[in-house]
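The values are calculated or read from the model by the stated rules, or taken from the named source; none is laboratory data. Worth saying up front: this structure is predicted, and the values here are computed from it rather than measured. Note that we place each Cβ from the backbone using ideal geometry, even for glycine, and neighbour counts take in every protein chain shown. Only protein heavy atoms, including side chains, enter the accessible area calculation; ligands, DNA and RNA are left aside. Shrake-Rupley method; radii C 1.70, N 1.55, O 1.52, S 1.80 Å.
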Amino acid sequence: MKLRTACSRDCPDACTLEAEVVEGKLVSLKGAHDDPMTKGFLCPRTTRFVDRQEAPHRLKTPLKRRSKDSDEFVPISWDEAIDLAAEKLQATKAQHGAEAIFHYLSGGALGYLKALTNVVFQQLGPCTFKRGDICSGAGEWAQEQDFGVSDSSEAEDLLNAKLILIWGKNVHTSSVHLLPILLEAKKRGATLVCIDPAPTKSTR
């Protein structure tokens with residue numbers, strides 16, 4: 001059975017995926033050819049999804065330490081794990097107050113369900129919440145200090161540029177679907193400049 005889905009990675013490419021499933025098992029994953037960004041190919045990380053899905057060392061159930069001083073972990077059900085987490089959170093709130101609970105939310109997935117964690121911790125709290133992060137948050141802050149707004153145009157708009165500055169970004173690793181657009185822009189006469197303190201495939 002062939003299914004059409006989307007990549008769950010924390011990535012602006014938001015690739016359209018074509019998945020093949022046999023008897024409930026994912027057997028292949030390809031980039032959709034009709035997606036203007038995906039263009040039929042995937043990054044190396046997403047390409048390895050299938051192998052990782054069935055990897056023998058992959059954790060498929062929550063694990064609980066057998067005892068306080070033990071190095072051994074035993075499998076438990078998802079219901080047990082959720083109940084244990086709720087119990088610990090409620091105990092912390094009762095003993096130290098909700099502000100003693102630190103809600104750290106970072107990248108990893110861009111789905112709507114992720115936003116529900118904010119609702120959970122708001123109802124539990126008010127809990128302590130982090131401000132900013134070392135990834136996109138830092139970049140957005142810098143952009144707002146420079147330009148007053150953190151905004152961007154469509155990637156294809158780079159085809160209209162005469163100069164493209166790639167600053168501290170290895171597009172071969174983190175934006176593989178931007179490469180065809182950059183190469184096409186260069187073919188049309190754009191100058192590409194890369195500034196990076198570390199040598200990367202992009203700077204080469």
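All conditions but one from (1) touching a Cys at 6+ places or on another chain (Cβ under 9 Å); (2) over 30 Å from F41 (Cβ atoms); (3) not hydrophobic (A, V, I, L, M, F, W, C) apply to G125; the one that does not is (1). All of (1) touching a helix residue (DSSP H, G or I) at 6+ places or on another chain (Cβ under 7 Å); (2) within 30 Å of C15 (Cα to Cα) hold for L124 with one exception: (2). Within region 143-168, being without any contact (Cβ under 8 Å) to a residue 12 or more places away in the chain and of a type in the set (G, A, S) holds for G148, S150, S152, S153. A single member of L89, L163 is at pLDDT 90 or above and either basic (K, R) or under 30 Å from P36 (Cβ atoms) (or both), and it is L163. Within region 147-185, being in contact with a strand residue (DSSP E or B) (Cβ under 8 Å, 6 or more places away or on another chain), surrounded by fewer than 13 Cβ atoms within 10 Å (Cβ to Cβ) and outside any loop (DSSP other than H, G, I, E, B) holds for L163, L165, W167.
Regarding G139, is this residue open to solvent by less than 50 Å² (accessible area, probe 1.4 Å), farther than 26 Å from A32 by Cβ and not in a strand (DSSP E or B)? For G139, the condition - open to solvent by less than 50 Å² (accessible area, probe 1.4 Å), farther than 26 Å from A32 by Cβ and not in a strand (DSSP E or B) - is met. Whenever a residue of region 1-28 is on the phi > 0 side of the Ramachandran plot, it has no partner that is part of a loop (DSSP other than H, G, I, E, B) and acidic (D, E) lying with C-beta atoms less than 8 angstrom away and at least six residues away or across chains.
Restricting region 120-135 to residues that are open to solvent by 60 Å² or more (accessible area, probe 1.4 Å) and within 22 Å of the chain's Cα centre (by Cα), which is farthest from S106 (Cα to Cα)? Here the residue is V120.
Taking into account only those residues within region 186-197 that are open to solvent by less than 50 Å² (accessible area, probe 1.4 Å) and either in contact with a His (Cβ under 6 Å, 6 or more places away or on another chain) or not acidic (D, E) (or both), which is nearest to S136 (Cα to Cα)? So, considering only residues that are open to solvent by less than 50 Å² (accessible area, probe 1.4 Å) and either in contact with a His (Cβ under 6 Å, 6 or more places away or on another chain) or not acidic (D, E) (or both), the one nearest to S136 (Cα to Cα) is C194.
With respect to the conditions (1) at pLDDT below 80; (2) of a type outside the set (D, E, K, R); (3) on the phi > 0 side of the Ramachandran plot, G168 lacks only one, and its number is (1).
In summary, strands (runs of 3 or more DSSP E) completely within region 1-119 and bearing 1 or more residues that are in contact with a Ser or Thr (Cβ under 7 Å, 6 or more places away or on another chain) and open to solvent by 40 Å² or more (accessible area, probe 1.4 Å) occur at 2-6, 16-22, 73-75.
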